[in-house]
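The values are calculated or read from the model by the stated rules, or taken from the named source; none is laboratory data. All figures in this text were calculated on a predicted structure; none of them were measured in a lab. All Cβ positions, even for glycine, are placed from backbone atoms using ideal geometry, and neighbour counts span all protein chains on display.
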Amino acid sequence: MRVLIAVGHSGIYAGGAHQALYSLIGLKREGVEVGAVWGPDAENDPHGFDRLKELDIPFWILPIHRKPDWRNIRAFRRIIIPLRGATEDERTPPFIPPQAGGESASIFRVILQEFKPDVVEAVKSGAQYYTLTAGIGLNRHALVFYRGISRPMDYFQEFKYRLKRVDKIIANCRDLKEIMTRSGRIPVEKVEVVPGEFDPACSEPDQVDASGLRSEMGISDGVPVIIQLGNYASWRGQVFTLKAAKILKNRGYRFHLVFCGRETDVLKPLVKELGLNECVTLSPYRRDPQRVLKMSNIAVNASTANESLPGSLLNIQAMGVPAVATTMPGASEIVEDGVTGWLVPPGDVEALADRLARLLALPKAERQEWGKRAYARAHRLFSSESRTAKRLKVYRQAIEIRKLKNEGTK
């Protein structure tokens, strides 16, 4: 089986792009021939594509935006069709190096004269538009769309998922499948649930070395660390977490709260206003979530919108860290309420503070037991092996559906 995974417009370290990377790792491990088409790194990070390059698979970097560009659509089309008789220039799509003035783009010029994917999976809207447009008239390969965001869709937004050219849809949790099929316009049987997986780097907590990290972040030894992973966004609930931290401080709890992600420095004025400067660290985005989680005692996911089976929450539980999370779609599939963490209503600061207080008040050994249960649950339900097997099953179904559709048009 040959599989091409296409990811739109946001680079390697954003949202569903993480899960696409883990899919490639798992599929390659199972002997599947994989390739990837990726949007450029939005952050112009010189190391943005390191993990993708380490896979040693053919991949192209194309400016895949929500608004299609015909030049890049033609380049995308040249990837998914046979290229017999084409000149080298015609075979080679326009590559964008992942850093300005750095390595030559030539290292990315893997020319597949005849990749001929059996399945193309499109992640994010831009990639979905490209696969549809570039694939006009090319019905050989099965087409699978991935969705991992719980934002409600109107009639027009869901139209692309209803197209007959889309053979299967992967939703990353049961709640999301229910949201997608609620209107009745997307057939229930078209949507398959394939849960996300945790970062492979978080698979062996005992082997993670976080020594020196507390000192680096200015955190005293012995003070419980509460971590919230994720780039700043109004819907990610960092403001609610800070307000809950203020309640905890007023109640006399000792803790240090760490926000880790891009643009978290916008929280500085609120941190100062709430009088939390001494117990809050605003860390930039890091590529070693396993280290900051190893250092942490409790984690928070306070999102109020958009989330669906949050990847950060998968990493948190896989690392054996008990969590307090909001009841966003998929959260209850990760966190077992009262067993591996707590679930609270989105935006409910008092409930968030109360559940954090319960975990802070536990003896260290008992809190570690919560973490052990979290680890066991995450590794049972969200391992790469389990997810890859489910994904391959969906691919095989999509290939068979596409075969029957093509035969019906002859």
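Those residues that are under 27 Å from the mean Cα position of the chain (by Cα) and hydrophobic (A, V, I, L, M, F, W, C), I need them from the range 246-269; list them, please.
Leu257, Val258, Phe259, Cys260, Val266, Leu267
Is there a residue in the range 378-400 that is more than 26 Å from Ser203 (Cβ to Cβ), buried (at least 16 other Cβ atoms within 10 Å of the Cβ) and either aliphatic (A, V, I, L, M) or within 19 Å of the chain's Cα centre (by Cα) (or both)?
So far as the range 378-400 goes, yes, one or more of its residues are more than 26 Å from Ser203 (Cβ to Cβ), buried (at least 16 other Cβ atoms within 10 Å of the Cβ) and either aliphatic (A, V, I, L, M) or within 19 Å of the chain's Cα centre (by Cα) (or both).
Going by the conditions given, is Lys272 part of a helix (DSSP H, G or I), farther than 21 Å from Leu360 by Cα, in contact (Cβ under 8 Å) with a residue 12 or more places away in the chain and over 24 Å from the mean Cα position of the chain (by Cα)?
Spelling it out, it is not the case that Lys272 is part of a helix (DSSP H, G or I), farther than 21 Å from Leu360 by Cα, in contact (Cβ under 8 Å) with a residue 12 or more places away in the chain and over 24 Å from the mean Cα position of the chain (by Cα).
Please tell me if Ala378 is assigned to a helix (DSSP H, G or I) and among the aliphatic types (A, V, I, L, M).
Criteria met by Ala378.
What residue, of Gly237, Gly252, Gly275, is surrounded by 20 or more Cβ atoms within 10 Å (Cβ to Cβ), of a type in the set (Gly, Ala, Ser) and not assigned by TED's automatic domain parsing to the domain that holds Ala389?
Gly237 is the lone residue from the list that is surrounded by 20 or more Cβ atoms within 10 Å (Cβ to Cβ), of a type in the set (Gly, Ala, Ser) and not assigned by TED's automatic domain parsing to the domain that holds Ala389.
State all residues of the range 143-157 that are surrounded by 16 or more Cβ atoms within 10 Å (Cβ to Cβ), without any contact (Cβ under 8 Å) to a residue 60 or more places away in the chain and part of a loop (DSSP other than H, G, I, E, B); if no residue qualifies, say none.
Met153
Is it true that some residue in the range 42-57 is more than 21 Å from Gly261 (Cβ to Cβ), touching a Leu at 6+ places or on another chain (Cβ under 9 Å), surrounded by fewer than 18 Cβ atoms within 10 Å (Cβ to Cβ) and at pLDDT 70 or above?
Yes, some residue in the range 42-57 is more than 21 Å from Gly261 (Cβ to Cβ), touching a Leu at 6+ places or on another chain (Cβ under 9 Å), surrounded by fewer than 18 Cβ atoms within 10 Å (Cβ to Cβ) and at pLDDT 70 or above.
Only one residue in Ser283, Ser312 is touching a strand residue (DSSP E or B) at 6+ places or on another chain (Cβ under 8 Å), within 30 Å of Arg151 (Cβ to Cβ), outside the structural domain of Met153 (by TED's automatic domain parsing) and surrounded by fewer than 23 Cβ atoms within 10 Å (Cβ to Cβ), so which one is that?
From the options Ser283, Ser312, the qualifying one is Ser283.
With the range 159-223 as the region, which helices (runs of 4 or more DSSP H) entirely inside it contain at least 1 residues that are small (Gly, Ala, Ser)?
Where helices (runs of 4 or more DSSP H) fall fully within the range 159-223 and carry at least 1 residues being small (Gly, Ala, Ser), they are 213-217.
Can you find a residue in the range 345-357 that is under 30 Å from Phe145 (Cα atoms) and surrounded by 16 or more Cβ atoms within 10 Å (Cβ to Cβ)?
yes
When the range 356-409 is examined, which residues are found to be of a type in the set (Phe, Trp, Tyr) and within 23 Å of Ile169 (Cβ to Cβ)?
Phe382, Tyr395
Report yes if some residue within the range 208-226 is within 19 Å of Val166 (Cα to Cα), out of contact with any Pro (no Cβ under 7 Å at 6 or more places or on another chain) and buried (at least 18 other Cβ atoms within 10 Å of the Cβ); otherwise report no.
So far as the range 208-226 goes, no, none of its residues is within 19 Å of Val166 (Cα to Cα), out of contact with any Pro (no Cβ under 7 Å at 6 or more places or on another chain) and buried (at least 18 other Cβ atoms within 10 Å of the Cβ).
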